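**Q** Right, I'll just put the structure down here and ask away after.
The values are calculated or read from the model by the stated rules, or taken from the named source; none is laboratory data. All values derive from a computational prediction rather than experimental measurement. Cβ placement follows ideal geometry from the backbone for every residue including glycine, while neighbour counts extend to all protein chains displayed.
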Ligand SMILES: NC(=O)c1ccc[n+]([C@@H]2O[C@H](COP(=O)([O-])OP(=O)(O)OC[C@H]3O[C@@H](n4cnc5c(N)ncnc54)[C@H](OP(=O)(O)O)[C@@H]3O)[C@@H](O)[C@H]2O)c1
């Protein structure tokens, strides 16, 4: 799908991969709709200078279902072409040590809000026979590491949701792209070591958000169904997919209570 002049909504766009995506999409001259939780005063001007055709900021907390419900009627009027469900939260550590409030909030943002926004915007896209839904999953959806139980469950749900939808949408002019994302150097990546590190030797391979944002935009323009990593992480992913018992043995060797 062409990005030039498209109306693109990115959730979680104030930092990390979401911000890098906003910058890359600005360079590719799209109309940007940016969801964030609090004002980022200089951002709109910065993106316009980089080439964005227009910038609109929506202040919404995706952990609150009622805010999404109130937001949707105005969002529908914008006739969004590309929805990028990027916002996410990380939970981790031994399950019994994770806080239940944080688990509920993470599932709400990582999967419920993603499904809610897709459910809201999809009918308009189908009617216009034009649209792209980009869902942010993770290698954790397939590489089941200890200490990632709740987060991995949310990302496996995103992958399953995207796979089912991709088949449902054939012939409608609307398609999905699922991001099976490797380590990317953001605040979340830094949190992984803090949350998992006490019990698990975390793999450290990572790429920059700017490089990854470029790959995501290329995958949108090439109408890819999934974006999967290459290199060492790609190899680990292949082992997890095709030889799960081998993968489990390797993960167990890096884990201690
Ligand atoms: N970095 C990695 O290694 C990695 C690997 C695999 C997948 N991913 C996925 O990539 C996506 C982006 O993550 P990132 O690495 O860029 O992490 P990040 O720097 O921590 O950014 C997370 C983004 O999500 C937003 N967000 C969190 N809770 C929200 C809420 N309740 N309502 C609205 N927005 C909320 C954050 O906004 P605030 O600033 O308001 O908190 C922020 O913009 C996530 O879905 C993540 O799971 C990342």
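**Q** Residues of segment 117-139 being within 12 Å of the ligand (Cβ to nearest atom) and either within 16 Å of residue 12 (Cα to Cα) or at pLDDT below 95 (or both), which ones? Walk me through how you get there before you give the answer.
**A** As a first pass, look at segment 117-139 and keep what is within 12 Å of the ligand (Cβ to nearest atom): 117, 134-139.
Within segment 117-139, 117, 134, 135, 136, 137, 138 qualify.
**Q** Next question. For segment 236-245, enumerate the residues that are surrounded by 11 or more Cβ atoms within 10 Å (Cβ to Cβ) and more than 11 Å from residue 143 (Cβ to Cβ).
**A** Residues of segment 236-245 that are surrounded by 11 or more Cβ atoms within 10 Å (Cβ to Cβ), as a first pass: 236-241, 243-244.
Passing the criteria: only 243.
**Q** Also, quick follow-up: Out of the helices (runs of 4 or more DSSP H) lying entirely within segment 133-221, which hold 1 or more residues that are closer than 27 Å to residue 97 by Cβ, touching a strand residue (DSSP E or B) at 6+ places or on another chain (Cβ under 8 Å) and in contact (Cβ under 8 Å) with a residue 24 or more places away in the chain? Give the steps one after another, and end with the answer.
**A** Details: elements: 149-168, 187-196, 209-221.
Counting at least 1 such residues, we get 149-168.
**Q** Since residue 98 meets every condition but one in (1) more than 12 Å from the ligand (Cβ to nearest atom); (2) surrounded by fewer than 18 Cβ atoms within 10 Å (Cβ to Cβ); (3) farther than 27 Å from residue 25 by Cβ, which condition does it not meet?
**A** (2)
**Q** Any residue in segment 41-60 that's at positive phi and assigned to a loop (DSSP other than H, G, I, E, B): show its pairings with residues that are surrounded by 14 or more Cβ atoms within 10 Å (Cβ to Cβ) and modelled with pLDDT of 95 or more at Cβ separation under 6 Å, as long as the two are six or more apart or on different chains.
**A** 51/26; 51/27; 51/29
**Q** From the set of residues in segment 1-34 that are part of a strand (DSSP E or B) and within 16 Å of the ligand (Cβ to nearest atom), which is farthest from residue 117 (Cα to Cα)? Can you show your working first?
**A** Restricting attention to segment 1-34, the residues satisfying the condition of being part of a strand (DSSP E or B) are 7-10, 31-34.
Right, trim to within 16 Å of the ligand (Cβ to nearest atom) and you get 8-10, 32-34.
Working: 8: 13, 9: 10, 10: 11, 32: 16, 33: 14, 34: 14 Å.
For segment 1-34, the residue satisfying everything is 32.
**Q** Report every pair of residues separated by at least 6 positions or lying on different chains whose Cβ atoms are under 6 Å apart, first residue within segment 7-21 and touching a residue at least 40 places away in the same chain (Cβ under 8 Å) and closer than 16 Å to residue 131 by Cα, second within 7 Å of the ligand (Cβ to nearest atom) and not in a loop (DSSP other than H, G, I, E, B).
**A** Correct list of pairs: 10/18.
**Q** Could I ask something else about it? Here is a check on your reading of the model: is residue 111 within 30 Å of residue 172 (Cα to Cα), within 12 Å of the ligand (Cβ to nearest atom), within 17 Å of the chain's Cα centre (by Cα) and free of Cβ contacts under 8 Å to residues at least 60 places away in the same chain?
**A** Spelling it out, residue 111 is indeed within 30 Å of residue 172 (Cα to Cα), within 12 Å of the ligand (Cβ to nearest atom), within 17 Å of the chain's Cα centre (by Cα) and free of Cβ contacts under 8 Å to residues at least 60 places away in the same chain.
**Q** What residue, among those in segment 35-54 that are closer than 28 Å to residue 116 by Cα and away from the ligand (no atom under 16 Å from the Cβ), is surrounded by the fewest Cβ atoms within 10 Å (Cβ to Cβ)?
**A** Within segment 35-54, the match that is surrounded by the fewest Cβ atoms within 10 Å (Cβ to Cβ) is 54.
**Q** Sticking with this one: Among the residues of segment 140-177, count how many are more than 16 Å from the ligand (Cβ to nearest atom) and farther than 17 Å from residue 236 by Cα.
**A** Kept after step one, since they are more than 16 Å from the ligand (Cβ to nearest atom), are these residues of segment 140-177: 146, 163-175.
The next check asks that each one be farther than 17 Å from residue 236 by Cα; those that pass are 163-175.
Residues in segment 140-177 being more than 16 Å from the ligand (Cβ to nearest atom) and farther than 17 Å from residue 236 by Cα: 13 in total.
**Q** Take the conditions within 9 Å of the ligand (Cβ to nearest atom), surrounded by 17 or more Cβ atoms within 10 Å (Cβ to Cβ), modelled with pLDDT of 95 or more and within 29 Å of residue 2 (Cβ to Cβ) and apply them to residue 88. Does it pass?
**A** Working: within 9 Å of the ligand (Cβ to nearest atom): yes; surrounded by 17 or more Cβ atoms within 10 Å (Cβ to Cβ): yes; modelled with pLDDT of 95 or more: yes; within 29 Å of residue 2 (Cβ to Cβ): yes.
Against the criterion (within 9 Å of the ligand (Cβ to nearest atom), surrounded by 17 or more Cβ atoms within 10 Å (Cβ to Cβ), modelled with pLDDT of 95 or more and within 29 Å of residue 2 (Cβ to Cβ)), residue 88 qualifies.
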